[in-house]
Amino acid sequence: MSKTGQRIKLLREENNLTQEQFGKIFGMVKSTVSLYESGKSNPDDETKKKIADYFDVSIDWLLGRTDERNTVDKIIRNYKKQEVEIEELFDRYIIYFKGKKLSRKDKNSILSFLQLLNDRN
């Protein structure tokens, strides 16, 4: 079974669809769905796009190129990797607020305020 076929079957089963129901959604017969799932045939690019759009997954996921189902998964994963302490953020980057560059004094004031909030909790 091809990776694409595995993914098509997974999507179909996760959504409690029979091969016939899946086929109707995309204008194909049950035997075509079966051929896709078994890897004996592959959907054309337009069909892949329709399947990916319908189930809100990326083409890359459908083809087995990635394990992230959609771009949101990737954004969340990258965001989690970028967690930093605010002190580090202030030290590493030039910070702007409403178009004005924050001075070291401004940054220290913000850090002091955040420390007060943290101490309250």
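The values are calculated or read from the model by the stated rules, or taken from the named source; none is laboratory data. On a predicted model such as this, the values are computed, not experimentally measured, just so you know. Backbone-built Cβ (ideal geometry, glycine too); neighbour counts: all protein chains shown.
Some observations on this one:
- Residues in segment 41-73 that are surrounded by fewer than 16 Cβ atoms within 10 Å (Cβ to Cβ) and in a helix (DSSP H, G or I): 11 in all.
- Considering residues of segment 75-106 that are acidic (Asp, Glu) and not in a helix (DSSP H, G or I) only, the residue modelled with the lowest pLDDT: Glu83
- So Asp44, is it at pLDDT below 95 and acidic (Asp, Glu): no
- Residue that is farthest from Lys49 (Cα to Cα), among those in segment 2-28 that are of a type outside the set (Lys, Arg) and in contact with an Asp or Glu (Cβ under 7 Å, 6 or more places away or on another chain): Gly5
- The number of residues in segment 15-64 that are closer than 16 Å to Ser2 by Cα and of a type in the set (Gly, Ala, Ser) comes to 5.
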